[in-house]
Ligand code: FAD
Ligand code: DLZ
Ligand code: SF4
C-alpha cells in the first residue's frame, strides 16, 4: 500500500469508533482526511430502535471531535446536511471529489451487506480503495476457518464453541497458568446457574446524562425516526471513550463479582442484574474486547472477583463473541435463509407492543422497548425459547432482534438468533435446541408469580403456554429431533406419552395459535 505524499481519505464506519482501528493506522494529521457519515440507508436498513440510532450518532460525533482534538481534519456528514445523498456509496464519492483524495482506506465492514457494497465502490470510485483487516477481533477470518475445517478440508456438520474457546485461552493466555487453565478447569458454567435470592442487592448503575451533542442527536432522531420502535428517553448510555472506560471500571469494581453466580437469573424490574451492558460499547468500538478481559482478569488476580465470574465473563468475550463472528463469515450468505425446522408462523404483534398476558415475555419485551437491552437469558430462554416453541419464522425473528437491541449488528445477532436460539441451522451452533417449559423460567425468575397463567398447570386455559408448546414443539419436530442424540431421552418420553395427553397438548396449542396472543401486528386505527 503506497501512501507517501498521497492524500488519503480514511473512511470510518459507525461501528469502527476505535482509535486503534486499522483504517487510522499511519494517519497523518496534515495530509489525510478522516471521513464519517450519518446516512439514512443505515438508519433504515431495518427500522432500528430510536435509542440505538441516538447512541450511535452521538458516539460518532464525539469520536469525530476527539480526532479533531488530535489535530486531524474530519469531514463529518450529518444526517440533516443538505447535500447528504443518503447512503455510504454516494457520500463517499462526494467526499473523494470534495477533497481530491488520491486513495481511500477503510477497515472491512462487519456485515456482508456493507462489505459487498464496499466492493462495488471499488468499481465506481475514480481512486483506489483499500479494505483492511479488522484487527479488533482476536481471531482472524483465516484462523477461524482453519480451526473450523477438518484435516481433510471439509466443514464439519457442527461446531462446538467450547473447543474453540480453549484454543482462544491458550492463544491469548487469559486465565492460564503454566499452560494450564486457571483453577484446573476450563469452564465454571455449572456454578453460574443460581436463582437470585431476595437478600441479594443489585448494584445501582452509573447514569451518563445526555450532553449537548446527545441532545441534538436525540432531537434529530425524534424528528426523523419517530415511527421506529422503542423509547428514546431516558437516555443514559456512555457515548465517549472516556465514559465507556469509566463504565467498564464501574462494572469490574461493582458488578463483576456477582456476574457468575447470577448470570442466568431474571428478576422483575431489574433488567441488568449483574450483567455488564458492555456489548453496545464493544460492538461499536468504544471499548476493546481485550481491555475488557484484561480488566476482568486483573480483578481476579487482585482477589476482587471470583474465578467462576471472571472465567464466565472472559468466555463470553473470547469464546462466544469470537465464535459467533466466525460462524457468521463462514456461513454467509446462505445462513440468512436457513430454516431447518421449517418454522412458518408469523411474529405475533405483541413483540412490538409488549402487550401479552405472558408476564415473562411482557417483562422482557417492555424492558427491550425502554432500554434497547435485554440480558442473555431473557433473549435466549424467554423470547428466543418462545419463538422456537411457537415455530415463528426465523427471518422475522431475526429482523426483530436486529431492530430492537442497541448492540445488534447482523454479524453477531444472526448466528445467535438462527443458530443458538432457533436451531434453524439444524444444530451447527447449538448441540441441541434451547427448548424449555415454564418450569425453567419459574426456577430462574420471579415472573410467574405475577402471571395470569399458572406455571404448574400443564393443560387448559390457565396453563402456562410454555408447558404445552414445549411438547407440541417436540411433536411437530420429532422426525428431525430424534436424529439428535442429546434429545434421545426427551423424544423417548414423547413416544411414551398417552395419546389422550398428546391430544390435549395439540388442542391447547391449536387454541393458543388461534388466540389473540398470536395475532400479527396491526397499525393502530387512525384517529
Ligand atoms: P454480558 O452478559 O455482560 O456478557 C459480557 C459480554 O460477552 C457481552 O457484552 C458480549 O460482548 C459478550 N457476549 C456474551 N454472550 C455472547 C454471545 N452469545 N454472542 C456474542 N457475544 C456475547 N449480542 C450482541 O452483541 N448483539 C446482538 O445482536 C445479540 N443478539 C442476540 C440474540 C439472541 C437470540 C441471543 C440469545 C443472544 C444475543 N446476543 C447478542 C448475545 C448476548 O445476549 C449479548 O451479547 C448480551 O446479552 C449483551 O449484554 P451484556 O453486555 O450485559 O452481556
Ligand atoms: C447501525 C448504524 C446506523 C443506524 N447508522 C449508521 C450511519 O449513519 N453511519 C455509519 O457509518 N454507520 C451506521 N451504523 C452502523 C453501520 O450499519 C455498520 O457500520 C455497518 O453495518 C457495518 O457493516
Ligand atoms: Fe411465563 Fe408461563 Fe411463567 Fe407466565 S407462567 S411468566 S407465561 S413461564
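Looking only at region 439-481, residues that are within 15 Å of ligand 3 (Cβ to nearest atom), buried (at least 16 other Cβ atoms within 10 Å of the Cβ) and assigned to a helix (DSSP H, G or I) come to 14 in all.
The sole residue among 18, 23, 58, 45 that is under 21 Å from residue 245 (Cα atoms) and either in contact with a strand residue (DSSP E or B) (Cβ under 9 Å, 6 or more places away or on another chain) or in a loop (DSSP other than H, G, I, E, B) (or both) is 18.
Residues in region 114-131 that are within 24 Å of the chain's Cα centre (by Cα) and either surrounded by 14 or more Cβ atoms within 10 Å (Cβ to Cβ) or assigned to a loop (DSSP other than H, G, I, E, B) (or both): 114, 115, 117, 118. Annotation note: Cβ proximity below 9 Å between a residue of region 446-457 that is touching a residue at least 24 places away in the same chain (Cβ under 8 Å) and a residue that is within 16 Å of ligand 1 (Cβ to nearest atom) and part of a loop (DSSP other than H, G, I, E, B) (sequence gap 6+ or interchain) occurs for 446/196; 446/266; 447/266.
In summary, residue 430 fulfils each of the numbered conditions (1) in contact with a helix residue (DSSP H, G or I) (Cβ under 6 Å, 6 or more places away or on another chain); (2) farther than 30 Å from residue 137 by Cβ; (3) more than 16 Å from ligand 3 (Cβ to nearest atom) with the single exception of condition (2). Do we have residue 365 as touching a helix residue (DSSP H, G or I) at 6+ places or on another chain (Cβ under 6 Å) and more than 12 Å from ligand 1 (Cβ to nearest atom) here? No, not satisfied. Elements of the type helices (runs of 4 or more DSSP H) sitting completely within region 284-352 and holding at least 1 residues that are within 16 Å of ligand 2 (Cβ to nearest atom) and surrounded by fewer than 21 Cβ atoms within 10 Å (Cβ to Cβ): these cover 322-331.
For region 482-527, the set of residues classified as modelled with pLDDT of 90 or more, over 36 Å from the mean Cα position of the chain (by Cα) and not in a helix (DSSP H, G or I) consists of 497, 498, listed by residue number. Only a single criterion out of (1) within 16 Å of ligand 3 (Cβ to nearest atom); (2) under 29 Å from residue 69 (Cα atoms) is not satisfied by residue 267, namely (2). Does at least one position in region 399-412 carry a residue that is closer than 13 Å to residue 338 by Cα and surrounded by 24 or more Cβ atoms within 10 Å (Cβ to Cβ)? No; the residues of region 399-412 include none that is closer than 13 Å to residue 338 by Cα and surrounded by 24 or more Cβ atoms within 10 Å (Cβ to Cβ).
Per-residue answers, yes or no, for (1) in contact with a helix residue (DSSP H, G or I) (Cβ under 7 Å, 6 or more places away or on another chain); (2) more than 27 Å from residue 411 (Cα to Cα):
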position	(1), (2)
121	yes, no
143	no, no
152	no, yes
162	no, no
168	yes, no
192	yes, no
196	no, yes
199	no, yes
206	yes, yes
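Looking at 33, 39, 12, just one residue is surrounded by 23 or more Cβ atoms within 10 Å (Cβ to Cβ) and more than 16 Å from ligand 1 (Cβ to nearest atom), and that residue is 12. Scanning region 4-46 for residues that are near ligand 2 (Cβ under 10 Å from one of its atoms) and over 18 Å from residue 117 (Cβ atoms) returns a single hit, 17. Number of residues in region 136-154 that are under 22 Å from residue 314 (Cβ atoms), in contact (Cβ under 8 Å) with a residue 24 or more places away in the chain and loosely packed, with under 15 Cβ neighbours inside 10 Å: the value is 0. Of the residues screened, residue 117 is one that is free of Cβ contacts under 8 Å to residues at least 40 places away in the same chain, in contact with a helix residue (DSSP H, G or I) (Cβ under 8 Å, 6 or more places away or on another chain) and more than 27 Å from residue 28 (Cβ to Cβ). Residue count for region 26-42 satisfying the condition of being assigned to a helix (DSSP H, G or I) and farther than 22 Å from residue 217 by Cβ: 0. If the Cβ limit is 6 Å and pairs must be 6+ apart or interchain, which residue in region 358-373 that is on the phi < 0 side of the Ramachandran plot pairs with which residue that is within 15 Å of ligand 1 (Cβ to nearest atom) and in a loop (DSSP other than H, G, I, E, B)? Listed by first residue and then by second, the contacts come to 364/374; 367/271; 367/374; 368/374; 369/230; 371/271. Among the helices (runs of 4 or more DSSP H) confined to region 180-281, the ones with at least 2 residues that are surrounded by fewer than 18 Cβ atoms within 10 Å (Cβ to Cβ) are located at 212-224, 241-254. Take the conditions (1) within 16 Å of ligand 3 (Cβ to nearest atom); (2) in contact (Cβ under 8 Å) with a residue 60 or more places away in the chain; (3) crowded, with 21+ Cβ neighbours inside 10 Å; residue 419 misses just one of them, which is (1).
Of the residues in region 66-84, at least one is more than 16 Å from ligand 3 (Cβ to nearest atom), in contact with a helix residue (DSSP H, G or I) (Cβ under 9 Å, 6 or more places away or on another chain) and part of a helix (DSSP H, G or I). Has region 424-442 got at least one residue that is touching a residue at least 40 places away in the same chain (Cβ under 8 Å), within 16 Å of ligand 2 (Cβ to nearest atom) and within 19 Å of the chain's Cα centre (by Cα)? No: zero hits.
The values are calculated or read from the model by the stated rules, or taken from the named source; none is laboratory data. Note that the structure is predicted; figures quoted are calculated from it, not measured. Please note: Cβ atoms are built from the backbone with ideal geometry, for glycine as well, and neighbour counts cover all protein chains shown.
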